[in-house]
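Step one of this worksheet: look at the structure below.
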Amino acid sequence: MQKPILYIIIFAALLPIVFCFDIIFGSIAIPFREVWCFLFSAECSTTYSTIISNIRIPRALVALLTGLALPVSGLCMQTFFRNPLAGPDILGVSTGASLGVALFSLAGGFGGILASQNFSVLSGFGAIACAAAGAMLIMMLVLVVAPKMHDTSTLLIIGIMFSSITSAIVSILQYISNPQEIQQFLLWTFGSFSGIRLAHIGIMASIVIPALLITFGMQKSLNALLLGENYARGLGVSIKRLRFKTLLMASFLAAVITAFTGPIGFVGMAIPHIARLIFKTANHKILIPASALIGANLVLACDLISQMPGFDTALPINVVTSIVCAPVVIFVIFSSRKFQR
C-alpha cells in the first residue's frame, strides 16, 4: 500500500476517536459507557443525555465541519495566489463577516436586546445571517473585480484593501458604541463552537459538504495551475473560469464557517502546510482530502483543549488554534528559500 493512502486511512480512522473524545471530555467528564448508551440504546442518564445531545454533539459537529472546510479553503487560496502565507481570510471575507456582526450588535440599538441573551450565537440566527451577508458582500465584490485583474498579485492587494476598509468601519462602530456592546462583539471575535443548534448545523453542513465536493472535483485543474497559467491553458483549462471557481469556493467555505463560528485563526493557513510536510506532495488529489482530514482531527483536538477537562472555564477556540497553528506558519516562513537567501 502506498504511503499517502496509508496516511489518509490513519487520519480517517483517528477522526471518530477524536470526535468521541471531544464528546466525552470537558468541564464534566462523561463516562464512555454513557456515550455508548446514548448512541446505541435508549438507556442513558437524563443528565448526561441532555449534555451530550444539547452541548457536546453540536459543538463537536461544528468543530468537525470547521476543520474540514477552512483548510481546503486555505489550500485553494495558496494555490491560486502561489503564496504559502495565503489563507481563507486574505480577501477580506472574515472581516466582512465581522462587519455584518458589528452592524447587528453595535448599531441600531441591538445591544440592549442581546444583553440579556447568550452571546455565543448572538441571539441565534439573526447574527449568523448578518455575518453571512457581510462575508458574501465582500466575496461578491472580489468576484466582480477578479475578471478585470490580469495578475493575482494585484487581486491580492485589492483583497487586502477591502479588508482594511471593512476593519476601519468596524473600528468606527466600536468607537461609538457603549462598553457592554463592545464586550459582546469582542466575545464573538474570539470564535466559538458553542450555542449553535442542530437546525443551524444542518444548514451549515448542507452548504459546506457540496462545496467541498466541488472543490475536490477541481483537483486536476489546480494541479495544472501549479505549473503555470500557460501550461494550464495548453491542457485545455479555462483560466478565467478556474480563477472564478477557485475564488468562489474558497471564499464561500470561509464565509459560511465564519458566519456560524466567528473568525477562526490560522487553521486555513497552517493545515495545508502540515499536509504537505506529512504527505510530501503537491498533488491536490491527495492534498485536498489530506488537508480536510488533518484539519478535522486538529480542530476537534483544539476544541477538546479549549474545554480544559476538569475545569469550569473554557478558552476561546481562536486562542487555542492560534497557539497550535501559528508555530507552523513561523516554520514555513523560516524554511522558505526566499528567507534563506
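Data table
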{"quantity": "Most mobile listed residue (Gly265, Gly87, Gly26) in the chain, GNM with C-alpha springs under 10 Å", "calculated": "Gly26"}
{"quantity": "Residue among Ile294, Gly67, Ile278 farthest towards the positive dipole end of the chain, charges placed on Cβ", "calculated": "Ile278"}
{"quantity": "Length added when fully stretched, Arg82-Ile28, from 0.36 nm per residue minus Cα-Cα", "calculated": "14.9 nm"}
{"quantity": "For the chain, built as a Gaussian network whose Cα springs stay under 10 Å, the top-fluctuating residue of Pro327, Pro316, Pro58", "calculated": "Pro327"}
{"quantity": "For Lys285, Lys3, order by how many other beta-carbon atoms lie within 10 Å, fewest first", "calculated": "Lys3, Lys285"}
{"quantity": "Spatially close lysines, pair count over the chain: Cα under 20 Å, gap of eight or more or interchain", "calculated": "10"}
{"quantity": "Spin-label pair Cys20/Ala282, simplified geometry with 7 Å Cα→Cβ offset, distance in nm", "calculated": "4.0"}
{"quantity": "Length-normalised contact order of the chain in % [C-alpha pairs under 8 Å, at least 6 apart]", "calculated": "32"}
{"quantity": "Between the stretch 205-226 and the stretch 254-329, the alpha-carbon center distance in angstrom", "calculated": "19"}
{"quantity": "Fewest-first ranking of His150, His200, His284, His273, using other Cβ atoms within 10 Å as the exposure measure", "calculated": "His150, His200, His273, His284"}
{"quantity": "Per-residue Cβ neighbour rank within 10 angstrom, fewest leading, Ser177, Ser53, Ser206", "calculated": "Ser206, Ser53, Ser177"}
{"quantity": "Total formal charge among the other residues, if their Cβ is under 11 angstrom from that of Asn283, Lys/Arg +1 and Asp/Glu -1", "calculated": "+4"}
{"quantity": "Farthest positive-ward along the chain dipole, Cα basis, beta-carbon charges - from Thr166, Thr215, Pro263", "calculated": "Thr215"}
{"quantity": "Dipole magnitude (debye, nearest 20) for the stretch 3-310, charges at Cβ of Lys, Arg, Asp, Glu", "calculated": "1020"}
{"quantity": "Inter-site label distance for Ile214 and Ile169 at 7 Å from Cα along Cβ, in nm", "calculated": "2.4"}
{"quantity": "Per-residue ³J(HN,Hα) for the stretch 90-98, Karplus 6.51 cos²θ - 1.76 cosθ + 1.60, θ = phi - 60°, Hz, x for Gly and Pro", "calculated": "5, 9, x, 5, 5, 5, x, 5, 4"}
{"quantity": "Ellipsoid semi-axes in whole angstrom, largest first, where each is sqrt(5λ) of the Cα gyration tensor of the chain", "calculated": "33, 27, 17"}
{"quantity": "Calculated FRET efficiency for the pair Leu39/Ile323, C-beta based, R₀ 45 Å, to 0.05", "calculated": "0.90"}
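Read-outs: derived from the displayed coordinates by stated rules, not from any lab. Source: prediction; values computed, not measured. Quick reminder, even Gly has a Cβ in these numbers, built from the backbone with ideal geometry, and neighbours come from all protein chains shown.
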